[in-house]
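No lab work stands behind these numbers, since they all come straight from the coordinates. This one's a predicted model, so the numbers in the text were calculated from it and none came from an experiment. Ideal geometry is used to build each Cβ from the backbone, glycine not excepted, and the neighbour counts take in all protein chains shown.
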Amino acid sequence: MALRIFLTILVVAMGVLWFYAFFLAPSGNPDRMEDRSWPKTAQVLCLDAHVDLALLPTARQADTPAERAGDLDEATVIVRRLVDDLGRIPGGTVHDRSLVALWLADWEIYLTDRVNHAERLRTEGDVKPLLTALPSGAGSVLERMNGFARVNDFEACLDPGDM
């Protein structure tokens, strides 16, 4: 009898859980910004930065790691300006602004990774970039940063991919 009562309670609890999941729980991605004008403005700024970055030599065009470091420094100046401009975009809900603040904090870490990589190119030679890992160890800050841009449809704001 106790087993029958236990199983009945278990089945009812599972039913309530699934009812909540399908009909009552909020849907959508929690990283999706409510104010859709912010991502549109960000997309334009990022596209402009890509135009400037395209004028610089690519990594394959550098003859030495030191030359590559100099090119990376120039590109980092453009990316720095972009991040500063993104931080000045007005608007968004309170939640949106908190999401953007976290995203821009990831960009700051990425900028530090770029500077460190350029320094390593000068001192250690031809090395691969080291990207800051997430505290959980599941991926890098770069992946989280790019994920936010994808979720919010401003894919021009993915990392430049030039490291």
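Taken about its Cα centre, the chain carries a charge dipole of about 800 debye when Lys and Arg each add +1 at the Cβ and Asp and Glu each add -1 at the Cβ. For the chain, the longest principal axis of the alpha carbon atoms and the long axis of helix 94-124 meet at an angle near 40°. Per residue, the chain reaches -21500 deg cm²/dmol at 222 nm when only DSSP H runs of four or more residues are counted, each adding -39500 (n - 2.57).
Taking the convex hull of the Cα atoms, report for the chain its projected area averaged over all directions, in nm².
On the way: hull surface 54.2 nm².
Its Cα hull, projected and averaged over all orientations, spans 13.6 nm².
Summarising the amide proton neighbourhood of Ser140: residues at separation of 5 or more, or on other chains, whose placed amide H is nearer than 5 Å comprise Leu134.
Quick one: compute a quarter of the convex hull surface over the Cα atoms of region 65-116 and quote it in nm². Could the numbers behind the result be given before it?
Values: hull surface 13.9 nm².
Result: 3.5 nm².
Selection among Leu111, Val94, Phe19 by position relative to the dipole of region 1-137 gives Phe19 as farthest towards the positive end (Cβ unit charges, Cα centre).
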